[in-house]
Structures are given as structure tokens and as C-alpha cells.
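The values are calculated or read from the model by the stated rules, or taken from the named source; none is laboratory data. As the structure is a computational prediction, the values presented were derived from the model and not from experiment. Glycine gets a Cβ as well: all are built from the backbone with ideal geometry, and neighbour counts include every protein chain shown.
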Amino acid sequence: MNSGVLTFIITPFILAVLMWLGVHLRKRFSKPKSENEVQRPGKFNIFILRFITLLAIFCAIPMGIGLIMGAIEMGTVFSVMAIMFGAAAVIIKREYDMSYHENDEYFILKAKNKKYHVLYENIIDWQPSYNEIKVLDESRTDGEYIRVSIAIIKPEIFLRKITKMTFEGRFPRMDDKEPNDPNREHEITGYLINNGYGYLVKD
């Protein structure tokens, strides 16, 4: 197999492994930093971002050398890696540009240049998602679900409220896929346990 083709196959695999490892370690060790009850991405999350950025820079140096020296294959390989790591760094930086504040009545989320002020009593639906939970606020006119991270930050009050409201029957299932769980009680319980918030169920 041509070495260039092999590189194009191996490079995405390496990037995928590094991303998976970063997500796994973040789940185990990351804690958000809190100042005046406002949560932001913690040190471990920032470390991941800086590590990916350094990888992009590290790949850009031999890329430049290869192109200058006329080593086309070397330049191509490292340019692909630099672009992939650079794109990953941009995506991660955008995801980490957030702040979160919650109390017993509402939460305020600032993410991706948008600000959401959500009263718990206005939430009419929730949907599970990877590393986040999506909620629908009936007071908003756009009808879009608001994505709240459960990995970068720790929205425990919010999750307790959603759990309580679910058990009160506020979010009944709209289909017949799970006839034994019409109020989605099993769904919210499983969701919390699978995402490391099982202690909230016990509470």
C-alpha cells in the first residue's frame, strides 16, 4: 500500500483515538472552575485544548520544512495532520467558550455568543444527547432546544429539577415506543446513571 494512502488512513485514526482519550479522561478527572457561583470549563478542559493546539503547531513545523525542502510527501502528511488538529482545536475552543449559573428557579447559560435565561417552570420537554441534555423552553419563540453540557460543567440543580419534574409527569412520552415508561422515569434515571450523575437519583 502506498505510504501516502496509509498516512491518510492512520492520521484520522490517531486523531480519533486522541479525542476519545481526551473525552474519557475529562469525564473522570475534569471539574469546572466556579467563581461567584458561575461555572466555566476547568483546568483539565483547558489542558486538552492547549494539548491539541500544540499538536497542530508541532505538525505545522515539519510541514513547512517539508514544503521548503521539496519533500512533497512529508509536507502533505504533516499538512493533513496540522489541518485536522487545527480544526479540532477550533471546535474545542468554541465548545469551551461558555459560562453557566444556576439556582433553584432558573439557569443562565452563555455559549456560542448566545445567552439563555431559562426558568425551570417554562421547560416543557427534555431530550438526551451525547455529553449534554437538550431542553425546550416554552417562552422562546424560535422553538429550538437549548443544549446544556453535563460534561464540561456540572448542572446539578438543573438536573435535579428535570428529574423531579419528570417523576411528576411533566414530560409524558409522546409515542408508544416505551409503553412501560409513559412518564420517562426509567429514561431519566438511566440517563443520569450512564452519565455519572447516578447519585442524584439516590438523592
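Values for this structure:
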read-out	value
Failed item in (1) over 28 Å from PHE171 (Cα atoms); (2) of a type in the set (Phe, Trp, Tyr); (3) assigned by TED's automatic domain parsing to the domain that holds ILE157, with PHE85 passing the rest	(3)
Residue list for region 70-88, filter: modelled with pLDDT under 80 and in contact with a Gly (Cβ under 9 Å, 6 or more places away or on another chain)	ILE72, GLU73, MET74, GLY75, THR76, VAL77, PHE78
Subset of region 171-203 (residues that are part of a loop (DSSP other than H, G, I, E, B) and either within 26 Å of the chain's Cα centre (by Cα) or among the small types (Gly, Ala, Ser) (or both))	PHE171, ARG173, ARG184, ASN195, GLY196, TYR197, ASP203
Long-range neighbours under 7 Å by Cβ, at least six apart or interchain, first residue touching a residue at least 60 places away in the same chain (Cβ under 8 Å) within region 37-54, second assigned to a helix (DSSP H, G or I)	PRO41/TYR96; ASN45/ARG26; ASN45/TYR96
